[in-house]
Amino acid sequence: MSDKEKSEENDDNEENEESQEQEDSQDNKNEDENNKEEDDNNKEEDKEEEEEEKEEKEEKEENNNKKITEKSKKKITEESKKKITEESKKDKKENSVKENKRYNTNETNKTNNLNETKKLNKTKTKSSVDKNSINNNNINNTNITNSTNNNNKITNSKTKSVFKNNLEFGQIEEELIPPRPELDEIGTQNIRLLYPSEEGPGHPRTIFFLYDPEINSNKKSQLFNLTQIEIDQKKYMITYKAYRNVPQSLSGVMKYNQVIKSKLYTNTNLIWKLLDKEKMYPLLRKLNKYQRYNHFPTCWQLGRKDNLYINYMKMQKKFKTEFNYMPEKFLLPQDRDLVQEKMREYNIFNIKEIYIVKPLASTHGKGVRILTDTTTVPTKGILEKYIYNPHLINRRKYDIRIYVLVTGFRPLKIYIYDNGIISFCANRYTTDADKLNNNYIHITNYSVNKAMDIIRKGEQELDYETKWSLQALKGYFLEKKINWEEVWKKIKDIAIKTILSVFDLASPALKTFKITSCNLFELYGLDILLDNKLNPWLLECNINPSLNSETEIDLKIKSKLITDIINIIGLIPFTHDKREKPLDKDNYYMSTIEEAITESLYEFVRPTGGFERIFPLQNNIDFYRKFIDKPGEQNLHLWEEMLKYKHK
């Protein structure tokens, strides 16, 4: 080789090295930006929680001061009472001594007269005395029982009246009930209670939520046995705990149904907030059986993208043909060597594959980008094989947000919602190499594409919609004579298998907490993409799906969604004190298995609204049970009960 050729090769190598260094630096910058965004989000959440904790501490200090003053008052009253009681005791003793002297003189006279009469009547009245003594004993016994019952009634009535009027009992009641200043502003609360079905032995009435008539109609509510009551006792009023900035759909539903936002977690009817493990686990241990919380302790097994894929791959190794609904992924840095080998093969055989880079834990499309050069691989994150042949509508790519509700793992109960959000890309789809960096073509998140909407609305070039409802998509498929039912059947199957992939982790974790089968529930947001052959692919699973209402479609769908969830989980009014007393009589179960079965059967007959139960069903228990290694006694007994009595 000549010196010129060598110099040219050296120049080319230097240029390649420089380009690689530039790309690596860009990747590192993007990663740093993503990490900064995640840190900012975490800081904001920490600030909110710190502020809430400060408020709670201040309230506790105020209450402690109140208790101290009350205790001091108590001491004063108790000392005065002691003096009065001591004086009364002295007077009683003096009177009792005088009465005893008189009584003893009378008794001696009586005994002498009785001894004389007994001698005369011994022989005559032996038999009659025996009979009468038996009868008298019976009569005396009945009189004793009646008197004790009467005494109990009297004491009960006294305690009830004393509890209302006596200062001591009043102070005890105030100490047991935690302070709730949010209740002071409200006089009464109007709620609707749903009577349980006649199929069961009896169950407390559950709260029934109505749709806001300005958003949705309440035609189906007339089909249920409802009673409207007015709660004037503050200890029974319905409360909920949520984020500081409550989403409009959640706050709107609560406001219309007169549910009060609380600042406390203790003895609050509904808690709707994602917490980290350090705060969630203590909360789960303190829940009473009437409270409802919207997360399971193992929720991150589905919420994190890496855990979701790891659990999916475990099932795929066991059931290869059944678990094939997620695109190929590589977890970095663990799979870096595998990625490099695959990239070499693609370069050698000139295979044109596109990969998409995603952070491990991010939302709203942050940090998502197309990997344009297979020779450069990021150091951290997820590398996902890009589905280059998506199904298009109006020449645009879209994904489907499916809402899945799980109301328990012991036993497992899964529902799917009949409506959802369809998010479109702003620009028309193409796989041209020079447009792979255009996020408005390849990333479907609304938070990404709404920026382009704002630009185009200003230019008056917006001739399309970036959001549809799931029902609108269904109507489009029917109009184009596409078999929607077949697509929907496949999506249901993905939803069930996704939950089953974490069953062996979720079910044992619940044993560590002393909670009932219906304390916890969770709403998942599955992101589904259809390819050009209408095969659904699972992209992500969100454990805290957005309830923000940026459009009218969001507000209508999400407010109805929340209302239906609350009607399914069955909120029961109870007192906000240590007694935790329900408004109605409650069921008491002999075992956790009995509780799990009966509560599940009651849940199955409650109004579901737009939700459809997809597991367990009579026609799918035998099929899906093979994916569960250890279903547990609660599931086995429920399945047996359903198959035995043909419960739908």
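The values are calculated or read from the model by the stated rules, or taken from the named source; none is laboratory data. What you see is a predicted model; the values in this text were computed from it and never measured. Using ideal geometry, Cβ is built from the backbone for each residue, glycine included, and neighbour counts are taken over all protein chains shown. For accessibility, only protein heavy atoms count, side chains too; no ligands or nucleic acids. Shrake-Rupley method; radii C 1.70, N 1.55, O 1.52, S 1.80 Å.
Calculated FRET efficiency, Ile229 to Asp586, Cβ-Cβ distance, R0 = 22 Å: about 0.80 to the nearest 0.05. Computed FRET efficiency, Cβ-Cβ of Thr551 and Leu392, R0 22 Å: what is it to the nearest 0.05? Efficiency at R0 = 22 Å is approximately 0.50. Here the Kirkwood formula, the inverse mean of 1/r across different C-alpha pairs, assigns the stretch 601-647 a hydrodynamic radius of 11.7 Å. Apolar share of the accessible surface for the stretch 389-450: 36 percent from carbon plus sulfur atoms, 1.4 Å probe. Among the trypsin sites (Lys or Arg not before Pro) within the stretch 467-533, those in coil by DSSP and having at most 14 neighbouring Cβ atoms inside 10 Å are Lys480, Lys481, Lys511, Lys514, Lys533.
Heavy-atom accessible area, probed at 1.4 angstrom with all protein chains present, ranks Tyr355, Tyr211, Tyr256 as Tyr256, Tyr211, Tyr355, highest first. The simple Förster model, with R0 at 41 Å and r as the Cβ-Cβ distance, assigns Arg336 and Leu274 a FRET efficiency of 0.85. Pairs with C-alpha atoms separated by more than 29 Å, drawn from the list Lys289/Lys630; Lys261/Lys578; Lys489/Lys626; Lys366/Lys630; Lys318/Lys435; Lys413/Lys514, are Lys366/Lys630; Lys318/Lys435.
Within the accessible surface of the stretch 514-648, defined with a 1.4 Å probe on protein heavy atoms only, the carbon and sulfur portion equals 51 percent.
Using a 1.4 angstrom probe on heavy atoms only, work out the carbon and sulfur share of the accessible area of the stretch 267-357 in %. Carbon plus sulfur share of accessible area: 51 percent.
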